[in-house]
Amino acid sequence: MSSTPNPRDMRWISSTYSDGQGGNCVQWAPDHARATGEFLVRDSKDPHGPHLTLTREGFAGLVEFAKRHG
C-alpha cells in the first residue's frame, strides 16, 4: 500500500489568474493531479496551512469562476 505524499513536499505552481503582486494567489500541485487525479489547491500566502482537494470537474469549475471574476 502506498502512502499519500505530504503536500508540503510537492511542487506547487501559481495560477495564471493570480495577480502576481503577492495578493490573491492560488497555487495547485500539477504533478499530484497527473499521478492521482486529485487537484490540490492552496493559498500561496499560507503554504503550510490547509489545502483543498478537488476533482477534475471541481478544479475546472474553479478555473471557470476565476476567468469570470478575475
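Report yes if some residue within region 13-35 is in contact with a Ser or Thr (Cβ under 8 Å, 6 or more places away or on another chain) and modelled with pLDDT of 90 or more; otherwise report no.
Yes, some residue in region 13-35 is in contact with a Ser or Thr (Cβ under 8 Å, 6 or more places away or on another chain) and modelled with pLDDT of 90 or more.
Would you check if SER44 is surrounded by 17 or more Cβ atoms within 10 Å (Cβ to Cβ) and modelled with pLDDT under 90?
Against the criterion (surrounded by 17 or more Cβ atoms within 10 Å (Cβ to Cβ) and modelled with pLDDT under 90), SER44 does not qualify.
The values are calculated or read from the model by the stated rules, or taken from the named source; none is laboratory data. Keep in mind that what you see is a predicted model, and the values were worked out from it rather than measured. Note that each Cβ is placed from the backbone with ideal geometry, even for glycine, and that neighbours are counted across all protein chains shown.
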